[in-house]
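Novice: This structure is in C-alpha coordinates; I'll ask about it shortly.
The values are calculated or read from the model by the stated rules, or taken from the named source; none is laboratory data. Fair warning: this is a prediction, and the values are worked out from it, not measured in the lab. Methodologically, a virtual Cβ is constructed for each residue, glycine included, from the backbone with ideal geometry; neighbour enumeration extends over all protein chains shown. Remember, those area values only see protein heavy atoms, side chains included, never the ligands or the DNA or RNA. Shrake-Rupley method; radii C 1.70, N 1.55, O 1.52, S 1.80 Å.
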Amino acid sequence: MAKVIAPFKIVGTLDDLNFYLDENNQNLVRTKGKTGVTSEEFNRNPIFTKVKNHGKEFGRAVKKAQSFRAIAMYFNKRAKDGSFAGRANKLMLDIIKEDTINPHGERTMENGMQCPDSITYFVGFEGNKLRPISKVLKTKWNWNETKSQLSIINFNPKTHVDWPMEAQQVHLAIARANWNYEENKFTTEHSEEIIVKKEDSPTNIMLQTNIPSDNQLQLLFIFIGFSIQDRKKTKELKRSNNTISIIWSK
(Lines give C-alpha, C1' and ligand atoms only; values in the text may rest on other atoms or scores of the structure.)
Protein backbone atom coordinates (compact mmCIF):
# COMPACT_ATOMS: atom_id res chain seq x y z
CA MET A 1 0.00 0.00 0.00
CA ALA A 2 1.02 3.63 -0.44
CA LYS A 3 -0.03 6.96 1.01
CA VAL A 4 -1.83 9.44 -1.22
CA ILE A 5 -0.30 12.91 -1.22
CA ALA A 6 -2.93 15.34 -2.49
CA PRO A 7 -4.86 18.43 -1.32
CA PHE A 8 -8.04 16.32 -1.28
CA LYS A 9 -9.18 12.82 -0.23
CA ILE A 10 -9.66 10.05 -2.81
CA VAL A 11 -11.97 7.12 -2.06
CA GLY A 12 -12.94 4.45 -4.58
CA THR A 13 -11.52 2.16 -7.25
CA LEU A 14 -9.69 3.15 -10.41
CA ASP A 15 -8.61 0.27 -12.64
CA ASP A 16 -6.52 -1.94 -10.31
CA LEU A 17 -6.08 0.72 -7.63
CA ASN A 18 -8.24 0.87 -4.51
CA PHE A 19 -8.22 4.25 -2.66
CA TYR A 20 -9.49 4.30 0.95
CA LEU A 21 -9.25 6.01 4.35
CA ASP A 22 -7.82 4.02 7.27
CA GLU A 23 -8.79 4.25 10.94
CA ASN A 24 -6.52 7.29 11.34
CA ASN A 25 -8.16 9.04 8.38
CA GLN A 26 -5.04 8.64 6.28
CA ASN A 27 -5.64 8.38 2.55
CA LEU A 28 -4.05 5.14 1.31
CA VAL A 29 -4.00 3.23 -1.95
CA ARG A 30 -3.39 -0.44 -2.71
CA THR A 31 -3.70 -2.68 -5.73
CA LYS A 32 -6.61 -5.05 -5.98
CA GLY A 33 -5.55 -8.63 -5.53
CA LYS A 34 -6.91 -12.10 -5.26
CA THR A 35 -7.47 -13.76 -1.91
CA GLY A 36 -5.05 -16.50 -2.91
CA VAL A 37 -7.10 -19.23 -1.21
CA THR A 38 -9.96 -21.09 -2.85
CA SER A 39 -12.70 -22.79 -0.84
CA GLU A 40 -11.44 -26.15 -2.05
CA GLU A 41 -7.92 -25.44 -0.84
CA PHE A 42 -9.23 -24.17 2.49
CA ASN A 43 -11.14 -27.42 3.04
CA ARG A 44 -8.33 -29.74 1.95
CA ASN A 45 -5.14 -28.06 3.14
CA PRO A 46 -4.22 -29.18 6.73
CA ILE A 47 -2.60 -25.81 7.36
CA PHE A 48 -6.12 -24.42 7.87
CA THR A 49 -7.20 -27.10 10.37
CA LYS A 50 -6.59 -24.89 13.40
CA VAL A 51 -8.62 -22.08 11.87
CA LYS A 52 -11.50 -24.42 11.05
CA ASN A 53 -11.49 -25.91 14.54
CA HIS A 54 -11.56 -22.47 16.10
CA GLY A 55 -14.48 -21.57 13.83
CA LYS A 56 -16.47 -24.59 14.98
CA GLU A 57 -15.99 -23.77 18.65
CA PHE A 58 -16.66 -20.09 18.12
CA GLY A 59 -19.94 -21.01 16.44
CA ARG A 60 -20.95 -23.02 19.51
CA ALA A 61 -19.97 -20.11 21.74
CA VAL A 62 -22.12 -17.68 19.79
CA LYS A 63 -25.20 -19.92 20.12
CA LYS A 64 -24.70 -20.26 23.87
CA ALA A 65 -24.10 -16.51 24.17
CA GLN A 66 -27.43 -15.78 22.49
CA SER A 67 -29.19 -17.75 25.22
CA PHE A 68 -27.01 -16.23 27.94
CA ARG A 69 -27.76 -12.66 26.83
CA ALA A 70 -31.49 -13.34 26.97
CA ILE A 71 -31.45 -14.41 30.64
CA ALA A 72 -31.56 -10.84 31.98
CA MET A 73 -32.87 -9.18 28.81
CA TYR A 74 -35.02 -6.70 30.76
CA PHE A 75 -31.91 -5.33 32.48
CA ASN A 76 -29.61 -5.68 29.49
CA LYS A 77 -31.83 -3.47 27.35
CA ARG A 78 -31.37 -0.72 29.93
CA ALA A 79 -27.63 -1.12 30.61
CA LYS A 80 -25.08 -2.28 28.06
CA ASP A 81 -22.25 -1.01 25.91
CA GLY A 82 -21.26 -1.76 22.33
CA SER A 83 -18.95 -4.62 23.29
CA PHE A 84 -21.61 -6.54 25.23
CA ALA A 85 -22.35 -9.21 22.62
CA GLY A 86 -18.68 -9.77 21.79
CA ARG A 87 -17.74 -10.13 25.45
CA ALA A 88 -20.55 -12.62 25.97
CA ASN A 89 -19.20 -14.66 23.05
CA LYS A 90 -15.72 -14.58 24.59
CA LEU A 91 -17.05 -15.70 27.98
CA MET A 92 -18.68 -18.75 26.43
CA LEU A 93 -15.55 -19.52 24.39
CA ASP A 94 -13.37 -19.30 27.51
CA ILE A 95 -15.58 -21.91 29.17
CA ILE A 96 -15.50 -24.14 26.08
CA LYS A 97 -11.70 -24.07 26.28
CA GLU A 98 -11.94 -25.66 29.74
CA ASP A 99 -13.18 -28.87 28.10
CA THR A 100 -10.28 -31.30 28.61
CA ILE A 101 -12.21 -34.31 27.28
CA ASN A 102 -12.55 -33.45 23.60
CA PRO A 103 -9.88 -32.34 21.10
CA HIS A 104 -9.71 -28.81 19.71
CA GLY A 105 -12.67 -28.29 17.40
CA GLU A 106 -14.92 -30.70 19.30
CA ARG A 107 -14.90 -29.04 22.71
CA THR A 108 -18.25 -28.01 24.23
CA MET A 109 -19.50 -25.71 26.92
CA GLU A 110 -21.24 -28.61 28.65
CA ASN A 111 -17.89 -30.35 29.21
CA GLY A 112 -16.15 -27.06 29.93
CA MET A 113 -18.56 -26.46 32.81
CA GLN A 114 -17.26 -29.64 34.46
CA CYS A 115 -14.16 -27.64 35.40
CA PRO A 116 -14.70 -26.29 38.95
CA ASP A 117 -13.35 -22.88 37.98
CA SER A 118 -15.78 -22.35 35.11
CA ILE A 119 -18.70 -21.36 37.31
CA THR A 120 -16.65 -18.47 38.70
CA TYR A 121 -16.13 -17.01 35.21
CA PHE A 122 -19.62 -15.52 35.31
CA VAL A 123 -19.13 -13.44 38.45
CA GLY A 124 -18.04 -9.95 37.53
CA PHE A 125 -19.42 -10.06 34.00
CA GLU A 126 -20.68 -6.56 33.19
CA GLY A 127 -23.40 -5.66 30.75
CA ASN A 128 -21.89 -2.18 30.58
CA LYS A 129 -18.14 -2.31 31.16
CA LEU A 130 -18.06 1.51 31.17
CA ARG A 131 -20.02 1.48 34.45
CA PRO A 132 -18.88 -1.57 36.46
CA ILE A 133 -20.57 -2.31 39.77
CA SER A 134 -17.29 -1.78 41.64
CA LYS A 135 -17.30 1.89 40.64
CA VAL A 136 -21.03 2.64 40.72
CA LEU A 137 -22.02 1.08 44.07
CA LYS A 138 -19.63 2.38 46.71
CA THR A 139 -20.86 0.48 49.74
CA LYS A 140 -21.13 -3.12 50.93
CA TRP A 141 -24.06 -5.38 50.16
CA ASN A 142 -25.11 -8.75 51.57
CA TRP A 143 -26.62 -11.68 49.67
CA ASN A 144 -28.73 -14.27 51.49
CA GLU A 145 -29.07 -17.24 49.14
CA THR A 146 -31.66 -19.03 51.29
CA LYS A 147 -33.97 -16.03 51.44
CA SER A 148 -32.99 -14.94 47.93
CA GLN A 149 -32.52 -11.47 49.34
CA LEU A 150 -29.93 -8.77 48.76
CA SER A 151 -29.62 -6.08 51.41
CA ILE A 152 -27.75 -2.80 51.67
CA ILE A 153 -27.84 -1.52 55.23
CA ASN A 154 -27.94 2.22 55.89
CA PHE A 155 -27.78 3.04 52.19
CA ASN A 156 -26.89 6.70 51.70
CA PRO A 157 -27.84 7.53 48.10
CA LYS A 158 -25.82 10.73 47.95
CA THR A 159 -22.48 9.14 48.89
CA HIS A 160 -22.90 5.43 48.16
CA VAL A 161 -23.52 5.84 44.44
CA ASP A 162 -21.44 7.27 41.60
CA TRP A 163 -24.03 9.63 40.10
CA PRO A 164 -24.12 10.76 36.47
CA MET A 165 -24.14 14.54 36.36
CA GLU A 166 -27.81 15.06 35.48
CA ALA A 167 -29.28 12.13 37.45
CA GLN A 168 -31.80 12.77 40.22
CA GLN A 169 -32.92 9.24 41.08
CA VAL A 170 -31.32 5.81 41.30
CA HIS A 171 -33.15 2.56 40.46
CA LEU A 172 -32.11 -0.67 42.23
CA ALA A 173 -33.24 -4.19 41.39
CA ILE A 174 -31.98 -7.77 41.21
CA ALA A 175 -32.81 -10.82 39.12
CA ARG A 176 -32.10 -14.42 40.10
CA ALA A 177 -32.03 -16.85 37.22
CA ASN A 178 -31.50 -20.51 36.53
CA TRP A 179 -29.88 -21.28 33.19
CA ASN A 180 -30.17 -24.75 31.72
CA TYR A 181 -27.26 -24.20 29.34
CA GLU A 182 -27.51 -27.73 27.91
CA GLU A 183 -30.98 -27.02 26.52
CA ASN A 184 -30.59 -23.22 26.24
CA LYS A 185 -33.56 -22.64 28.54
CA PHE A 186 -33.82 -20.35 31.55
CA THR A 187 -36.11 -19.06 34.27
CA THR A 188 -35.61 -15.53 35.59
CA GLU A 189 -37.18 -14.11 38.74
CA HIS A 190 -37.12 -10.32 39.24
CA SER A 191 -37.34 -8.31 42.43
CA GLU A 192 -39.34 -5.15 42.92
CA GLU A 193 -37.48 -2.11 41.57
CA ILE A 194 -36.74 0.43 44.28
CA ILE A 195 -36.33 4.10 43.30
CA VAL A 196 -34.42 6.41 45.64
CA LYS A 197 -33.87 10.14 45.21
CA LYS A 198 -30.36 11.54 45.43
CA GLU A 199 -31.23 13.77 48.39
CA ASP A 200 -33.16 11.12 50.36
CA SER A 201 -32.02 10.20 53.87
CA PRO A 202 -30.12 6.95 54.46
CA THR A 203 -32.33 3.87 54.37
CA ASN A 204 -32.12 0.08 54.35
CA ILE A 205 -32.52 -1.50 50.90
CA MET A 206 -34.06 -4.97 50.66
CA LEU A 207 -34.35 -6.64 47.26
CA GLN A 208 -35.89 -10.10 47.11
CA THR A 209 -36.83 -12.55 44.36
CA ASN A 210 -38.53 -15.88 44.11
CA ILE A 211 -36.18 -18.85 43.83
CA PRO A 212 -36.13 -20.55 40.41
CA SER A 213 -37.45 -24.08 40.63
CA ASP A 214 -34.66 -25.71 38.61
CA ASN A 215 -31.02 -25.83 39.61
CA GLN A 216 -28.55 -26.16 36.74
CA LEU A 217 -26.62 -22.86 36.85
CA GLN A 218 -27.95 -20.10 39.09
CA LEU A 219 -26.92 -16.49 38.48
CA LEU A 220 -27.66 -13.26 40.35
CA PHE A 221 -27.84 -9.99 38.43
CA ILE A 222 -27.94 -6.53 39.99
CA PHE A 223 -29.24 -3.53 38.08
CA ILE A 224 -28.51 0.10 38.95
CA GLY A 225 -30.13 2.70 36.71
CA PHE A 226 -30.58 6.44 36.81
CA SER A 227 -33.37 8.82 35.92
CA ILE A 228 -34.64 12.37 36.16
CA GLN A 229 -38.07 13.56 37.24
CA ASP A 230 -39.82 15.66 34.60
CA ARG A 231 -43.01 16.92 36.22
CA LYS A 232 -44.94 13.72 36.91
CA LYS A 233 -42.91 11.55 34.55
CA THR A 234 -39.77 9.57 35.27
CA LYS A 235 -37.31 9.63 32.36
CA GLU A 236 -34.50 7.10 32.46
CA LEU A 237 -31.06 8.18 31.35
CA LYS A 238 -29.30 6.51 28.44
CA ARG A 239 -28.20 2.95 29.10
CA SER A 240 -24.54 4.02 28.95
CA ASN A 241 -25.09 5.53 32.43
CA ASN A 242 -26.49 2.35 33.94
CA THR A 243 -25.07 -0.84 35.42
CA ILE A 244 -25.87 -4.54 35.26
CA SER A 245 -23.49 -7.03 36.80
CA ILE A 246 -23.46 -10.73 37.73
CA ILE A 247 -22.50 -10.80 41.41
CA TRP A 248 -23.15 -14.46 42.36
CA SER A 249 -23.25 -17.85 40.70
CA LYS A 250 -23.86 -21.41 41.86
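Novice: Using every pair of alpha-carbon atoms in the chain, split the distances into 5 Å bins beginning at 0 and state the percent of pairs per bin, rounded to integers.
Specialist: Going out from 0 Å in 5 Å bins, the chain shows 1, 6, 11, 13, 12, 11, 10, 8, 8, 7, 6, 4, 2, 1, 0 percent.
Novice: Let me ask something else about it. Need the list of lysines near K50 for cross-linking: C-alpha distance under 24 angstrom, and skip anything on the same chain fewer than eight residues off.
Specialist: Those lysines meeting the cut-off are K34, K63, K64, K90, K97.
Novice: Sort largest first and round to whole Å: the equivalent ellipsoid semi-axes of the range 135-247, each the square root of five times a Cα gyration tensor eigenvalue.
Specialist: 28, 16, 12
Novice: Nearest 10 degrees is fine. How inclined is helix 49-70 to the longest principal axis of the chain, computing both from alpha carbons?
Specialist: So the helix axis and the longest Cα principal axis differ by about 30 degrees.
Novice: May I pose another question? Pull up the cross-link candidates among the lysines for K233, meaning alpha carbon to alpha carbon under 17 Å and not fewer than 8 places away within one chain.
Specialist: By straight Cα distance, K233 reaches K197, K198.
Novice: What is the distance, in nm, between label points placed 7 Å from the Cα along the Cα-to-Cβ direction at K77 and at L130?
Specialist: Between K77 and L130, the simple spin-label model gives 2.0 nm.
Novice: Here's a follow-up. Which is farthest toward the positive dipole end of the chain among L219, M165, I96, measuring Cα position about the Cα centre, with Cβ charges +1 (Lys, Arg) and -1 (Asp, Glu)?
Specialist: M165
Novice: Where does the chain land at 222 nm, in deg cm²/dmol rounded to the nearest 500, when only DSSP H runs of n ≥ 4 count, each adding -39500 (n - 2.57), divided by all residues?
Specialist: It comes out at -6000 deg cm²/dmol, rounded to the nearest 500.
Novice: Relative to the Cα centre, what is the charge dipole magnitude of the chain, using +1 at the beta carbon of each Lys and Arg, -1 at the beta carbon of each Asp and Glu, and rounding to the nearest 20 debye? Before the final figure, lay out the partial values.
Specialist: Numbers: 38 positive and 28 negative charges, 134 e Å.
So the magnitude is around 640 debye.
Novice: Taking 0.36 nm per intervening residue step and subtracting the Cα-Cα distance, what contour gain separates K235 from K90 on full extension?
Specialist: The span from K235 to K90 would gain 48.9 nm if fully extended.
Novice: Starting from the Cα of H104, step 7 Å along the direction of its Cβ; do the same at W143; then give the gap between the two resulting points in nm.
Specialist: 3.4 nm
Novice: Could I ask something else about it? Carbon and sulfur together cover what percent of the accessible area of the chain at a 1.4 Å probe radius?
Specialist: 50 percent
Novice: Find the relative contact order for the chain and round it to a whole percent, using C-alpha pairs within less than 8 Å whose residues are 6+ positions apart.
Specialist: Reported relative contact order: 18 percent.
Novice: Using only Cα atoms, find the angle between the long axis of helix 84-96 and the longest principal axis of the chain, and express it within 0 to 90 degrees, rounded to the nearest 10.
Specialist: 80 degrees
Novice: About its Cα centre, how strong a charge dipole does the range 145-227 have in debye, to the nearest 20, once Lys and Arg get +1 and Asp and Glu get -1 at the Cβ? Let's see the in-between values first.
Specialist: Values: 6 positive and 11 negative charges, 45 e Å.
That gives a dipole near 220 debye.
Novice: Might you tell me the accessible area per residue for the chain, computed with a 1.4 Å probe and given in Å²?
Specialist: Numbers: 14630 Å² over 250 residues.
For the chain, the per-residue accessible area is 59 Å².
Novice: Sort 93-106, 163-176 by the packing proxy (mean of other Cβ within 10 Å over each peptide's residues), most packed first.
Specialist: Values: 93-106: 15.4, 163-176: 19.0.
Going by the mean number of other Cβ atoms within 10 Å, highest first, we get 163-176, 93-106.
Novice: List the aspartates and glutamates whose Cα sits under 16 Å from the Cα of K140, skipping any in the same chain fewer than 8 residues away.
Specialist: Reachable aspartates and glutamates: D162.
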